[in-house]
1. From the phi angles alone, apply the Karplus equation (6.51, -1.76, 1.60; θ = phi - 60°) to the range 155-162 and give each ³J(HN,Hα) in whole Hz, x where the residue is Gly or Pro.
2. Can you tally the net charge around V102? Count Lys and Arg as +1, Asp and Glu as -1, for every other residue whose Cβ sits under 15 Å from the Cβ of V102.
3. Which value, in Å², gives the accessible area per residue of the range 71-144 when a 1.4 Å probe is used on the protein heavy atoms?
4. Counting only other residues whose beta carbon sits under 12 Å from that of T165, what net charge do I get with K and R as +1, D and E as -1?
5. Pop out the ³J(HN,Hα) list for the range 64-69 in order, Karplus 6.51 cos²θ - 1.76 cosθ + 1.60 with θ = phi - 60°, rounded to Hz; leave Gly and Pro as x.
6. Let a ≥ b ≥ c be the square roots of the eigenvalues of the Cα gyration tensor of the range 112-177; is it rounded (a/c under 1.5), or, if not, prolate (a/b larger than b/c) or oblate?
Amino acid sequence: MVATLTAAAIATVGFLAYQASANASDALGKPAGTPSASASASAAAQPRKDPRSLPADSGSGERVVYSLRDRRVWLVGEDGKPERAFAVVPSTISPEAGTYLVSSRSGTITGSDGVRIEHVVRFANVNEVAIGFSSAVDGTMSAPDPSLRTGGVRMKRADGDALWTFATVGTKVVVVQ
């Protein structure tokens, strides 16, 4: 058990280090005040005090909220109250903080990492990589291979089913640090 936890911790640290280095060149040439990839990676490594609570800066109304820092998604109803919240495993490429709309969906496909996935809900594109939520058909939630350029934010199948029902094309997706 300890060996498994240690291996998972090392894999997570390695993934965050890769993500920071892979995006470091993106920060060059950005206007002052624009968060750098290393600042984003640092923020992602420092969870909020209660990562289960809906982030204050996540907009209003019906929406999907994705916190990069907390690795968590909330499905928020019209009344502004979370209907469901769950943990996710981020992809190797993440979108900038901001508001997006669900642009397309796919029932079952093979992800960019070669894994069979279902209930794909796409909402952004970063450097020609589609970013979206999905769940692995086999139910796994392993961290993606850091050498691959992937945009799939993975979740448990039950959470993927709920997100699929909630987030139709045009649904607002708010990404926060």
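The values are calculated or read from the model by the stated rules, or taken from the named source; none is laboratory data. Just so it is clear, the structure is predicted and the values come from calculations on it, not from any experiment. Counting neighbours? That spans all protein chains shown, and the Cβs are built from the backbone with ideal geometry, glycine included. Each accessible area value is taken on the protein alone, full model and side chains, heavy atoms only, with ligands, DNA and RNA left out. Shrake-Rupley method; radii C 1.70, N 1.55, O 1.52, S 1.80 Å.
1. Once θ is set to phi - 60°, the couplings for the range 155-162 become 8, 5, 4, 4, 5, x, 4, 5 Hz.
2. Working: positive: R63, R105, R122, K172; negative: E62.
Taking every Cβ under 15 Å from that of V102, the sum is +3.
3. On the way: 3410 Å² over 74 residues.
I get 46 Å² per residue for the range 71-144.
4. Numbers: positive: R84, R105; negative: E83, D159, D161.
Net local charge, T165 excluded: -1.
5. Once θ is set to phi - 60°, the couplings for the range 64-69 become 9, 10, 10, 9, 5, 5 Hz.
6. Numbers: a/c = 1.86, a/b = 1.10, b/c = 1.69.
Oblate, since a/c reaches 1.5 and b/c is not below a/b.
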